[in-house]
Each structure stands twice: as structure tokens, then as C-alpha cells.
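Below: the structure, in C-alpha cells.
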Amino acid sequence: MNLHHLLLLLSSQCVSFVDAFQLLSHSNSHSLQRRRHAIPFSKSSLNSIVDSPLDNQDTERHDVSSSASASSTTTTRRSLFQKSTQAVLLPILLNAMSTSIPGTTQPAQASVGTLPEFNDSNSILQSVTIDVSDKIQQDQMIDFLREGFSFKLLRQRKTGDITDTWMGFGPEEMNIPSNFELPVSSFAQYGGHASIHIRYDSQATSLYYKAGDDETPPGDNIAYIQVGVPGYRISQMVKYGGFIMDAYGIVNVVSPSGLPMRGIVGITPDPMMFVALNCQNLKSSREFYEQIGFVEQEYPYCRPNKGMGQFEPPQPKNSIYLAPSKNSIGVLLLQPDRKKKFNNTPNPAFRSMNIVYTPTTNNNDSDTTADENSTTNILKVVDPSGAGVTFKPYTMFENEELNTRVAPKEDVVVVGVPPAAPAGAVQLQ
């Protein structure tokens, strides 16, 4: 009996909690003992979490209307079961990850991959997933990222009705790529880059966002995704369906999928910097992310003056920046502006933030390795602001990343000379 089997039993409601615990304790008394040391969620955070093991993430439909009905305040046996399930499964998940969280007795057992930058944690925030309504919106989003911010097409896959596309600024693999050579190769050829995962379901009927209907994002819980790039092209953002909210030194734009983005002209190891979240309760959001292994880190900047000039704003007042590793992207928790109306409405186009983790190795589950690549090992929860968070074992990510890569175009890089920005781009001064 391991985590994967327990998730299946509880989610299918085939066994009671008492029976599940008896099965688990019978097969692995050590796991039960470790679970007693797990830090439980605070009541405010726990009430905001929706636990849903994904039987098959590739074929799951993302229905906005069903999400709205699920938020009903009516107490039912199912809702009580779900709340009880999440209270049990989250501590189990934390023990499976064995992330080094201040106050826990479980230090990190292994890093993610072999990159030295990630040896301070066994989990990282690797990507964000967004849903698009149709193929036109999918193509617009790809061109918007590629032509507006110089994203690269990293990976692509089509499984049945689902088309997955990953866009980023360099290899996602958690190892040093075989073609990377110091001091010849640029950092864009190094591993460990984050990505934006564009998911298109040809059978989905939900309209997540329609460009032109409104000048604002379809929800207000996602403030923006910030990228720091050597140059961006506003004309191309507009050409491919983006709506420019403002562009005074920096650019704030609503992408054709409804995902709000902020672009800053600067240099950073990975141009994907962080996800900014509007939080109804800053304390609850902080407690949630600390429970899943995030730690407060120094706020990242992409310009040398670190927020003291007009081209990069300082860290927002009363905000908190958290990340599982000091070298991975993280989340910026924002306190909403009281002068502006804030409804804490989830953005329907924003599917999830995706965490890749290395499970602990000091357990007695003999069949854990065999099941690591099963899609039932993907757990999804929802943070207090309504943003989804998924957890994927590293071996599953490694196999998926390797088998979905798009062959990169050959780029000629001159050492010591930064790549030229496209014509018409706003460039680093």
C-alpha cells in the first residue's frame, strides 16, 4: 500500500477512512508514524483547498459552469467527504515530498534532477498551464508569446482531443544538456527553464476568454505573470490578439488566452520570473504555500538598479515572494488595492501552477517506483485565492519532457555579445 493506492481508494470512495488507515498502517507502519509529524493546514487554508486526484489529466474537461456550482455553500455528504479527504491527503503528500519546510522534522531527501541550482529543494515550480477555447486562440497565444516576448516552442504533444504546447526560453530538463559547453554556450541552452503550457481541448465547450469583449482579464485572482526579457514588441502583441493595458516603462498586457502578463526589459537567468497572485487573505495564502514547501525568498529583479528606476518597479508594498528554491520561479502574494474592486474571481483560463518533486526514498513501499509514472500520481489542490496547484513526480516529468521535445533550430551565438533583438523591439537601455 503506497500513496498512489491510497489516493485511488479514497477518491473512488471504495473504502472508509478507518479502513484506509488500517490498510495503510498494516502495510507501512513507518509511513503512519511520519504522517503524525506532518504540519496540518490552518482552518482558513484548508477550507479553500479542493482535493482532486487526476485520473487522466490529458482527458479531463475543464468546465467553468461545474466549477461555479461546486462553490455552493450547501453542506452535503459529498462536501464533508471531500473536506475530510483533503485533510488526510495533504499531510500524506507532504510526507511523500519530504520538502524541507521550516518547523518540520523532515529535511529534503533528494534534489530535483542533477542541476546544482536546485540542490536546495526536492521540489520546484516548473510551469503554469492555461486553457484556450479553440485552435485560433491556441495559434494566437503561441504567436503572441513567440513574437511579442521571444518565447521558444519547446515541446508539443497531441493525445486524442488534447493538444499540449509548451513555450519557454530554454530547455526544461533538470540536468545540464549534453550540448551545453562553457564558455561557448549561452544560458538559453542551459537546463531548468520554466514554461507556459498551453492546453487546447477540441471537444471543450467552455469559452474561457474572448478577446475584444472586455479590456480586463476574465478573473482577478491572477494579477500577472512577470517576464524579464532583453526586448519585447508591443506591435506583435497587438497583432496576435493581446490587449495593452499600459506601457509606461513596462508593459502590462492581457494575452489572447486571457492570461495577464507583465513584461520588463532586463536580463535574468530565466526570463520567466514569477506568478503574481491577488490574495483575499495574505496570511492564509502564505500559510498554504509554506505548507507545500515554498519558502520566503529575496524578491527577484532583472535590472541592476533593483526597482529604483522607471523601467522596473520595486517590490509591491506588503507583498510576499515565496519559492520552493531560490533559483526557481515562485509566487508573489499581493494584497489587493483597496481603491479597486476585488472579487477574488478565479481566472477560468488559468488551469494550474505545476510543481515537480522528487518523492522520498526512505520508505518501505516496494512498488512505489513502478507506479511513479502513473497519471493517478498527479494531485491537484486549489490555493486560497482559487488558483490550481498540481504535483507531479520528477520521473513522470522527465519522461514526458524527453518524449515531447521539439527539435530546436540551430542558433549561432557569439560569446560575449547578447543576441540582437528583433526589429521594432523595446530594448534594454
Inset, instruction - For region 145-191, evaluate the Debye formula with one uniform point scatterer on each Cα (no solvent term) and list log10 I(q)/I(0) at q = 0.13, 0.19 Å⁻¹, rounded to two decimals. - result: -0.39, -0.71
Inset, instruction - Send over the semi-axes of region 137-276's equivalent ellipsoid, whole angstrom and largest first, taken as the square roots of 5 times the C-alpha gyration tensor eigenvalues. - result: 26, 20, 12
Inset, instruction - For region 243-348, just list the percent of Cα-Cα distances falling in each 5 Å bin from zero outward, please. - result: 2, 11, 18, 24, 23, 16, 6, 0
Inset, instruction - Mind scanning LYS152/LYS392; LYS306/LYS341; LYS283/LYS326; LYS135/LYS210 and naming the pairs with a C-alpha gap bigger than 18 Å? - result: LYS152/LYS392; LYS306/LYS341; LYS283/LYS326
Legend entry - Spherically averaged projected area of region 301-360 from its Cα convex hull (nm²): 6.9
Legend entry - Farthest positive-ward along region 108-225 dipole, Cα basis, beta-carbon charges - from PHE118, ILE196, GLN138: PHE118
Legend entry - Estimated vicinal HN-Hα couplings, Hz - region 337-351 in sequence order (Karplus 6.51, -1.76, 1.60; Gly, Pro = x): 5, 5, 6, 10, 6, 10, 9, 6, 8, x, 6, x, 7, 8, 7
Legend entry - 5 angstrom amide H check on TYR224, placed H, neighbours 5+ away: ALA276
Inset, instruction - Grab the Cα-Cα distance for ILE244 and SER178, subtract it from 0.36 nm times how many residues apart they are, and report the gain in nm with one decimal. - result: 19.8 nm
Inset, instruction - Could you go through region 301-316 in sequence order and give the Karplus-derived ³J(HN,Hα) for each residue, using 6.51 cos²θ - 1.76 cosθ + 1.60 with θ = phi - 60°, rounded to whole Hz, and x for Gly and Pro? - result: 10, 10, 10, x, 7, 6, x, 9, x, 7, 9, 8, x, x, 4, x
Inset, instruction - For a quick protection proxy, order the peptides 146-153, 240-247, 329-336 by their average other-Cβ count within 10 Å, most packed first. - result: 329-336, 146-153, 240-247
Legend entry - Derived scalar couplings ³J(HN,Hα) [region 267-274; Karplus, 6.51 cos²θ - 1.76 cosθ + 1.60; whole Hz; x for Gly, Pro]: 10, 8, x, 10, x, 6, 9, 6
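Here, each number is a calculation from the coordinates, and none is a lab measurement. As the structure is a computational prediction, the values presented were derived from the model and not from experiment. Glycine gets a Cβ as well: all are built from the backbone with ideal geometry, and neighbour counts include every protein chain shown.
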